[in-house]
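Bear in mind that the values in this text are calculations on the coordinates, not laboratory data. This one's a predicted model, so the numbers in the text were calculated from it and none came from an experiment. Cβ placement follows ideal geometry from the backbone for every residue including glycine, while neighbour counts extend to all protein chains displayed.
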Amino acid sequence: MNFSYFAVPRRYQHRFVFWGILGMIMLRAIMIGLGITFVEKCGKRLTKIMMWVPAAHCVSSKLSAPKG
């Protein structure tokens, strides 16, 4: 891991990982809540457009990915 690069003492490594994972879970919950609020507040037309944007990104990423 990057603990040696950042010179994190061994006794603090568990704390760093724990708070990093907990922070990630909380941020994900916030983003999901904001997404739900956005979908509920906006009209159906805008919601449909916003659903196609990530799908188009996934398809373009797949097509441009190196083969093999």
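Contact map, the range 11-39: first residue at negative phi and in a helix (DSSP H, G or I), second residue of a type in the set (Ser, Thr, Tyr) and surrounded by 10 or more Cβ atoms within 10 Å (Cβ to Cβ), Cβ cut-off under 9 Å, separation 6 or more or different chains; pairs are Phe38/Thr47; Val39/Thr47.
Considering only residues of the range 1-19 that are surrounded by 10 or more Cβ atoms within 10 Å (Cβ to Cβ) and of a type outside the set (A, V, I, L, M), which is farthest from Met50 (Cα to Cα)?
It comes out as Tyr12.
Per the conditions (1) assigned to a helix (DSSP H, G or I); (2) over 16 Å from the mean Cα position of the chain (by Cα), the sole criterion not satisfied by Ala7 is (1).
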